Amino acid sequence: HERLTAVSELVGSTDQASLDTLVRLTGDVEQRVAIASIRAIGSRRDETAFEQLKQIAANSDNGALQGCSAAELGRFKRTDYRLLTDILLNGKDPEARAGAALGLKRLRDAESVNSLVKAMSDTDANVRGIAFEALGRTTGRWFKFDPNAPLAARAKSIATIKKKLTTTKSPQIIDRAGRLCTDSISGLQVGAEGLLRFDDIPLVTFGAEHIQ
């Protein structure tokens, strides 16, 4: 596909002309082109790209594009977690909410914990599952929770998680900026059970094997 190829060639670009092209392609009639363009914008990691992603996340009426932008914003440490939690809890489209949960999973801001717990009661199983993974990433603790379980079982698990979160301190160390301190090796984080965990790779399998 010609436009997808064009987008792939602009990944990692830093000039304004390339950014202008990517921004234009976020409005492409083919959604896969628009999504690829948003991800390419996220790869830039500069202030201009950051502002473009914020605009899409805040203003897009397309759930997939809003979610993709929210997910990319999680890669920027300066992202205000409240933009993502607002989409997570109030977004009308489950794709937007799932993207916001993924963004929070990447951001790992301690202030988002309560919102992530609330999102574990979302009507969409995918949103519930990603919110649960984000909670684990943010706190460094891994609980028992199955996003596909019956409502009563999920409610019981969430009640247990809330209790444990309020009665036990997280094993992760949180710095003054509210960010989780990670291992000095890029992309690695030590989880509660002492295992190295990698960014953007599913860390858990839902079910009874979760640490309680």
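When the residues of the range 66-81 are filtered to those that are part of a helix (DSSP H, G or I) and open to solvent by 20 Å² or more (accessible area, probe 1.4 Å), the one that is farthest from Ala131 (Cα to Cα) is Gln66. Checked against (1) more than 27 Å from Phe132 (Cβ to Cβ); (2) of a type in the set (Lys, Arg); (3) in a helix (DSSP H, G or I), Arg97 passes all but condition (1). The number of residues in the range 107-131 being surrounded by 20 or more Cβ atoms within 10 Å (Cβ to Cβ) and not aliphatic (A, V, I, L, M) comes to 7. Checked against the criterion of being charged (D, E, K, R), touching a helix residue (DSSP H, G or I) at 6+ places or on another chain (Cβ under 8 Å), surrounded by 17 or more Cβ atoms within 10 Å (Cβ to Cβ) and free of Cβ contacts under 8 Å to residues at least 60 places away in the same chain, the range 25-36 has no qualifying residue.
Filtering the range 163-172 for residues that are open to solvent by 20 Å² or more (accessible area, probe 1.4 Å), in contact with a strand residue (DSSP E or B) (Cβ under 8 Å, 6 or more places away or on another chain), on the phi < 0 side of the Ramachandran plot and modelled with pLDDT under 90 leaves a non-empty set. Selection of the range 4-24 for residues being open to solvent by 70 Å² or more (accessible area, probe 1.4 Å) and aliphatic (A, V, I, L, M) yields only Val11. Restricting the first member to the range 79-101 and to residues that are on the phi < 0 side of the Ramachandran plot, and the second to residues that are assigned to a loop (DSSP other than H, G, I, E, B) and open to solvent by less than 50 Å² (accessible area, probe 1.4 Å), the beta-carbon pairs closer than 6 Å and six or more apart or on different chains are Pro94/Asp124; Arg97/Gly91.
Tell me whether the range 82-94 contains one or more residues that are open to solvent by 50 Å² or more (accessible area, probe 1.4 Å), under 13 Å from Asp109 (Cα atoms) and in a helix (DSSP H, G or I). Yes - at least one qualifying residue is present in the range 82-94. Picking from residues in the range 46-59 that are free of Cβ contacts under 8 Å to residues at least 24 places away in the same chain and among the polar types (S, T, N, Q), the one that is surrounded by the fewest Cβ atoms within 10 Å (Cβ to Cβ) is Asn59.
The values are calculated or read from the model by the stated rules, or taken from the named source; none is laboratory data. This one's a predicted model, so the numbers in the text were calculated from it and none came from an experiment. For neighbour counting, all protein chains shown are included, and Cβ atoms are generated from backbone atoms with ideal geometry for every residue, glycine included. Heads up: the accessible areas ignore ligands, DNA and RNA and are worked out on the full protein's heavy atoms, side chains in. Shrake-Rupley method; radii C 1.70, N 1.55, O 1.52, S 1.80 Å.
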